[in-house]
Amino acid sequence: MDPSAEYNSSPHLLARHDFPQLLQVLTHGGYRILGPTISEGTVQWKEIRTVNDLPVGWTDQQDPGKYRLEPKKSPRVFNVVHGPDSLKPLTFAPRETLLTLDRKNNTFAAREIMPETPPTAILGVRACDLAGLATQDQIFLKGPFSDPYYRQRRENLFLVAVNCTRAHATCFCASMETGPKAQEGYDLCLTEADDDFVIEAGTQAGLKVLEQLPSSLASNERLSQDDERIQACADSQTRSLPLASFPDILYDAHDHPRWDQVAARCLSCTNCTMVCPTCFCHGVQETPSLDFQHSEHTRVWDSCFTPDHGYIHGKNFRPTIKDRYRMWLTHKLAAWVDQFGTSGCVGCGRCITWCPVGIDLTEEVLALQDTPL
């Protein structure tokens with residue numbers, strides 16, 4: 001049976017003092033484990049070996065253009081919701097050499113460079129990032145041409161999700177129907193409380209790990225308590241997008257004066273696209289050796305906010321920041337629906353948090369609903 005096949009197990013209870021055994025089972029199963037770790041004032045995916053490598057005793061606060069970590073007296077492992085890293089860099093690498101070219105007599109030899117991807121367990125994946133990964137799967141795997149580099153990384157992931165019981169001021173996943181509860185796409189899913197975790201398997205691979213843990217069936221009362229906490233997280237979110245209005249709301253606003261207003265604030269810095277779980281713009285670079293006997297063909301992340309991205313021979317068809325911001329938001333919330341059958345936004349709020357000037361796309365969309373002057 002396909003180890004990634006969807007599977008619904010009965011929820012179990014894992015005591016906090018037994019949580020380290022999850023890491024041990026994953027390690028013995030041959031997985032390299034990545035988890036959220038504190039680095040350079042934020043949390044980033046890095047290799048972990050013990051629970052102490054995780055941000056135990058920390059929490060995060062996020063607002064438009066603001067991010068900070070704060071100590072918190074709590075035994076919880078997953079009080080930090082997320083940092084700038086989604087799952088995207090782990091499957092769609094920011095920079096990777098696709099092939100090399102070597103001169104050989106009067107011709108050349110090309111060699112494809114496939115990524116080395118050991119089985120990797122990602123611990124602490126949020127529902128919005130599972131949704132972002134599903135969207136990237138649509139782009140890289142389910143079209144007429146599958147990307148072998150993405151596929152190789154994707155097939156070696158074991159995903160341990162964590163349901164959110166607290167939300168940031170910048171979160172709006174509830175309105176996008178992508179969270180705060182993970183619905184699918186995970187191997188294991190955790191809901192954390194002070195003393196224990198509810199844990200359930202979503203695939204046969206996840207069930208195999210769960211069966212090796214000292215867990216017991218979770219009571220209906222406990223499951224109801226978790227549902228209430230997750231719902232309270234959803235209810236606490238103050239931002240939202242009118243999902244039912246896409247894509248027409250953006251198409252109808254093409255000439256809205258609001259584009260000039262947001263362009264006057266936007267720095268075209270590309271932060272929003274770099275932290276977005278679904279943006280996939282990229283370019284290629286040819287890097288020859290000094291003796292011109294060897295060259296590398298490399299794919300690198302790009303952004304529709306860079307001036308060069310809209311340049312074709314002799315003309316830039318998106319020369320202004322207004323053009324580029326309108327392109328980004330219209331593609332994200334409108335054209336994406338036509339292309340892939342889903343919005344390109346998962347409501348994680350990263351673009352709001354990591355925008356240096358605090359531009360809020362939920363605020364911009366609400367403004368675009370107004371009739372142009």
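For the range 279-307, a tally of residues being of a type in the set (S, T, Y), within 23 Å of the chain's Cα centre (by Cα) and modelled with pLDDT under 95 returns 1.
None of A131, A127, A161 is of a type in the set (A, V, I, L, M) and over 21 Å from S9 (Cβ atoms) except A131. Condition check for F92 on (1) farther than 30 Å from R166 by Cα; (2) of a type outside the set (V, I, T); (3) crowded, with 18+ Cβ neighbours inside 10 Å: one failure, at (1). The residues of the range 312-360 that are in contact (Cβ under 8 Å) with a residue 40 or more places away in the chain, basic (K, R) and more than 20 Å from S86 (Cα to Cα), listed by number, are K322, R324, R326. Within the range 29-37, identify whether any single residue is farther than 30 Å from W354 by Cβ, hydroxyl-bearing (S, T, Y) and in contact with an Asp or Glu (Cβ under 8 Å, 6 or more places away or on another chain), and answer yes or no. No, the range 29-37 contains no residue that is farther than 30 Å from W354 by Cβ, hydroxyl-bearing (S, T, Y) and in contact with an Asp or Glu (Cβ under 8 Å, 6 or more places away or on another chain). Checked against the criterion of being among the hydrophobic types (A, V, I, L, M, F, W, C) and assigned to a loop (DSSP other than H, G, I, E, B), the candidates A263, A253 yield just one match: A253.
For (1) of a type in the set (D, E); (2) under 28 Å from C189 (Cα atoms); (3) out of contact with any strand residue (DSSP E or B) (no Cβ under 8 Å at 6 or more places or on another chain), each residue gets a yes or a no:
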position: Q225; (1), (2), (3): no, yes, yes
position: D235; (1), (2), (3): yes, yes, yes
position: Y251; (1), (2), (3): no, no, yes
position: R258; (1), (2), (3): no, no, yes
position: R265; (1), (2), (3): no, no, yes
position: P277; (1), (2), (3): no, yes, yes
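Reported count of residues in the range 337-350, each being crowded, with 22+ Cβ neighbours inside 10 Å and not basic (K, R), is 7.
All of S236, S303, S268 fail the test of being touching a Lys or Arg at 6+ places or on another chain (Cβ under 7 Å), small (G, A, S) and within 24 Å of G358 (Cβ to Cβ), apart from S268. When restricted to residues that are under 28 Å from L157 (Cα atoms) and not hydrophobic (A, V, I, L, M, F, W, C), the range 196-237 contains 14. Can you tell me which residues in the range 168-197 are assigned to a loop (DSSP other than H, G, I, E, B), of a type in the set (G, A, S) and either surrounded by fewer than 24 Cβ atoms within 10 Å (Cβ to Cβ) or not assigned by TED's automatic domain parsing to the domain that holds V77 (or both)? Correct list: A169, G185, A193. Please enumerate the residues belonging to the range 275-318 that are aliphatic (A, V, I, L, M) and over 18 Å from M114 (Cα atoms). Listed by number, the residues that qualify are V275, L290, I312. Residues in the range 99-137 that are over 30 Å from V43 (Cβ atoms), touching a strand residue (DSSP E or B) at 6+ places or on another chain (Cβ under 6 Å) and assigned to a strand (DSSP E or B): L99, T100, L101, D102, F108, A109, A110, R111, E112.
In the range 258-278, the condition of being at pLDDT below 95, of a type outside the set (D, E, K, R) and in contact with an Asp or Glu (Cβ under 9 Å, 6 or more places away or on another chain) is met by no residue. If I filter the range 182-215 down to residues being within 14 Å of N163 (Cβ to Cβ) and among the small types (G, A, S), which single residue comes out as farthest from the chain's Cα centre (by Cα)? Ranking the candidates gives A193 first.
The values are calculated or read from the model by the stated rules, or taken from the named source; none is laboratory data. Because the structure is predicted, anything quoted here is derived from the model rather than measured. Note: ideal-geometry Cβ built from the backbone for every residue, glycine included; neighbour counts use all protein chains shown.
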